[in-house]
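Chemist: The structure under discussion is supplied below as structure tokens; questions concerning it will follow.
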Amino acid sequence: MLKKTNSEVVKYNAKDIFKQSVQYVNYKHVKTLKTAYSDKSDSLAVINKKVGKETSLLILETWIVNLNDFLNISRKMTPEQIKETADMIYDEFYYLKISDISLIFKRIKTGFYGEFYESIDGMKLLKMFADYSQERVNMIIEQGIREHNKIKNG
């Protein structure tokens, strides 16, 4: 009888991870920050470790292209701007899960972060990611304080 060892490596298929990460239907349930945070999806950094940074960047680029096509604006992002913006988002926000990214783009599409006024650019997207990230940090801190008080008073 063969024994399985802890040294067995799980193989990941980059194409499967990419497909899973960019399908809207897979994140339809993500409507709140709390849901996005508690979702079991991988972060960009974990995807990088599993299959490489190129897949993480491709996921971000696909979301940006989708947004670029979705918005009814006259000055859209160029392919070069999309690539550079994806790279900058990854560098700053590598810890975000795919569920977080899905929620950010849902919010952008619904006007949560304001209107674009005929153009979209990397700086606007980076600001929206920064706003989301700060909101996420605040939620985590508040959650920690509530849990601490519950233990303290419980």
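Chemist: Restricting attention to region 14-45, report how many residues are at pLDDT 75 or above and buried (at least 17 other Cβ atoms within 10 Å of the Cβ).
Modeler: Going through region 14-45 one residue at a time, the tally reaches 10.
Chemist: Continuing with the same structure: Given the structure, is I89 in contact with a helix residue (DSSP H, G or I) (Cβ under 6 Å, 6 or more places away or on another chain), surrounded by 13 or more Cβ atoms within 10 Å (Cβ to Cβ) and in contact (Cβ under 8 Å) with a residue 40 or more places away in the chain?
Modeler: Against the criterion (in contact with a helix residue (DSSP H, G or I) (Cβ under 6 Å, 6 or more places away or on another chain), surrounded by 13 or more Cβ atoms within 10 Å (Cβ to Cβ) and in contact (Cβ under 8 Å) with a residue 40 or more places away in the chain), I89 qualifies.
Chemist: While we're here: Of all the helices (runs of 4 or more DSSP H) wholly in region 21-129, which have at least 1 residues that are charged (D, E, K, R) and farther than 28 Å from I140 by Cα?
Modeler: 53-70, 79-93
Chemist: Before we move on, is K109 out of contact with any Gly (no Cβ under 7 Å at 6 or more places or on another chain) and more than 21 Å from D42 (Cα to Cα)?
Modeler: Here the answer is yes, as K109 does meet what is asked.
Chemist: Output the qualifying pairs, or none if there are none: Cβ atoms under 7 angstrom, residues six or more apart or on different chains, first residue in region 118-136 and over 18 Å from K83 (Cα atoms), second residue β-branched (V, I, T) and at pLDDT below 95.
Modeler: These pairs meet every condition: E118/I73.
Chemist: Let me ask another. From the set of residues in region 82-117 that are in contact with an Asp or Glu (Cβ under 7 Å, 6 or more places away or on another chain) and not small (G, A, S), which is nearest to H29 (Cα to Cα)?
Modeler: Per the stated criteria, the residue is I98.
Chemist: Still on this structure, I have one more. If only one of D39, D69 is within 17 Å of K106 (Cα to Cα) and in contact (Cβ under 8 Å) with a residue 60 or more places away in the chain, which one is it?
Modeler: Checking each option against the conditions leaves just D39.
Chemist: Going through region 123-147 one residue at a time, which ones are at pLDDT 95 or above and of a type in the set (G, A, S)?
Modeler: Those that are at pLDDT 95 or above and of a type in the set (G, A, S): A130, S133.
Chemist: Scanning region 117-139 for residues that are hydrophobic (A, V, I, L, M, F, W, C) and in contact with a helix residue (DSSP H, G or I) (Cβ under 7 Å, 6 or more places away or on another chain), which turns out nearest to W63 (Cα to Cα)?
Modeler: L125
Chemist: Can K127 be described as within 12 Å of the chain's Cα centre (by Cα) and basic (K, R)?
Modeler: no
The values are calculated or read from the model by the stated rules, or taken from the named source; none is laboratory data. Note that the structure is predicted; figures quoted are calculated from it, not measured. Please note: Cβ atoms are built from the backbone with ideal geometry, for glycine as well, and neighbour counts cover all protein chains shown.
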